[in-house]
Amino acid sequence: MIGREFLHAPGPTHIPQVVLNAMNRQPLDLVDDRLKEIAKSCFEDLKDLFRTQGHVFIYAGNGHGSWEAVLGNICAQGDTVLVPIVGHFAHEWADHARALGIKTQTIEGDWRRGIDPARIEEHLRRDTDRRIKAVLAVQVDTATSLSCDVQAVRRAMDAAGHPALLVADAVASLGAMPFEMDAWGVDVAITASQKALMCPPGLAIVAANDKAVQIAQATPRFQRYWDWNTRIGDEYYTKFCGTMPEHHMFALRAALDLIKQRGLEAIFRSQRMLSGAVHQAVQAWSQAGALTFNVSAASERAVTVTTVRTAAGIDPDRLRTYAREKLGLMIAGGLGKLGGSAFRIGHMGSINEPMILGCLATLDLALKELGLPHGEGAVQAAIAHLARERAAG
């Protein structure tokens, strides 16, 4: 295929050329002061990104590795966690806990609305024996494109007077929307390199406050690699439990530099603007009745990914395959119970207006060429939205 492919999956996301270039070098000796400085600066800048004074841990892994790192430190086999289910990844996180021998209580949702803090408070009030050790909350579930209010979860926990830790999955949100770990009372937060951090897949990142670290130190563990205790200190060999994933760290350093240059507020504004363009297009497409938002409440739609449901008789995977193989556009399919009935447009990280409009126009073309029912004027609606937002400054 001539030209460039457009990547609009919700992860991995588009990697800026400067980040790719940062990896195009020979590795350094593990005791090289230059390598130590890169690692030290990444740990410090990640604290700023999480908005925490706590500890940061970096693993060679993915988001699921972050889950295991957290659960393996704060929970022993037989402990209990509470998981509000807002989509596929919340469901998978609960399953991951069960696989580690952790008892899991869930608050089931319909995958179309966010976390209900009142139900969390009610559930925790019933836990009079204080068996629940942590509440696991997903800020953005990329399967459903639900954006959940993590701060409201902490308020519900405090209202219930429950001592459980609050653990937030910020894999699909950190660096793209506000996240205030310390101010919101989050005890542990996780992310990964391949989404808004604009890096290749391969780094699992965890932040934990002193309370969580103290609980981890008192919790029996049967693993070594994920252990926070061995990673706290000044020795960089132990911080990575062995050889540092150097080239991933080179990439992370370059990506964090890009984030610092733009500034988080500018990034957040851009994410709101670009996601609004996608939402305007989906709203236009939905007028024919065959496509619709998975998340009906606009206030709960994520700024990083949009999940579009398809009516019976419309195969979203056919649309995705056509867009990828004939037009060079890569979007994602439905996951879990949305499999075969939804597609997902990723819009986080290193993206701009031409990329978003190119994605939407190509999808519009694919819908037309496949003869799939959809409302007209999607691209025009997206352009009008961008023009208004840019004029407003």
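The values are calculated or read from the model by the stated rules, or taken from the named source; none is laboratory data. Remember, it's a predicted structure, so these values are computed and weren't measured experimentally. Cβ sites come from the backbone with ideal geometry, for glycine too, and all protein chains shown count toward neighbours.
Of everything in region 40-72, what is out of contact with any strand residue (DSSP E or B) (no Cβ under 9 Å at 6 or more places or on another chain) and closer than 30 Å to Arg98 by Cβ? Give them in sequence order.
Scanning region 40-72 gives a single hit, Gly72.
Those residues that are in contact with a Gly (Cβ under 9 Å, 6 or more places away or on another chain), over 18 Å from Thr142 (Cβ atoms), of a type in the set (A, V, I, L, M, F, W, C) and in a loop (DSSP other than H, G, I, E, B), I need them from region 289-320; list them, please.
Result: Ala290, Ala311.
State all residues of region 107-127 that are surrounded by 13 or more Cβ atoms within 10 Å (Cβ to Cβ) and not in a loop (DSSP other than H, G, I, E, B); if no residue qualifies, say none.
Listed by number, the residues that qualify are Ile107, Pro117, Arg119, Ile120, Glu121, Glu122, His123, Leu124, Arg125.
Hand me the list of helices (runs of 4 or more DSSP H) wholly inside region 1-102 holding 2 or more residues that are within 30 Å of Leu327 (Cβ to Cβ).
17-23, 88-99
Looking at Ala143, Ala156, Ala152, can you tell me which residue is modelled with pLDDT of 95 or more, touching a Pro at 6+ places or on another chain (Cβ under 8 Å), closer than 23 Å to Ser296 by Cβ and surrounded by 20 or more Cβ atoms within 10 Å (Cβ to Cβ)?
Result: Ala156 is the single residue among Ala143, Ala156, Ala152 that is modelled with pLDDT of 95 or more, touching a Pro at 6+ places or on another chain (Cβ under 8 Å), closer than 23 Å to Ser296 by Cβ and surrounded by 20 or more Cβ atoms within 10 Å (Cβ to Cβ).
Let me spell it out: the conditions are (1) modelled with pLDDT of 95 or more; (2) surrounded by fewer than 24 Cβ atoms within 10 Å (Cβ to Cβ); (3) of a type in the set (D, E, K, R), and Arg224 meets all of them except one. Which number is the exception?
So the condition that Arg224 fails would be (1).
I want to confirm something. Restricting to region 287-309 and keeping residues that are in contact with a strand residue (DSSP E or B) (Cβ under 6 Å, 6 or more places away or on another chain) and without any contact (Cβ under 8 Å) to a residue 60 or more places away in the chain, which single residue is surrounded by the most Cβ atoms within 10 Å (Cβ to Cβ)?
Once the filter is applied, the top-ranked residue is Val308.
I'd like the full set of residues that are of a type in the set (Gly, Ala, Ser) and without any contact (Cβ under 8 Å) to a residue 40 or more places away in the chain, limited to region 215-258.
Across region 215-258, the qualifying residues are Ala218, Gly233, Gly242.
Could you list, in sequence order, the residues of region 204-221 that are of a type outside the set (A, V, I, L, M, F, W, C), buried (at least 16 other Cβ atoms within 10 Å of the Cβ) and at pLDDT 95 or above?
Listed by number, the list holds a single entry, Asn209.
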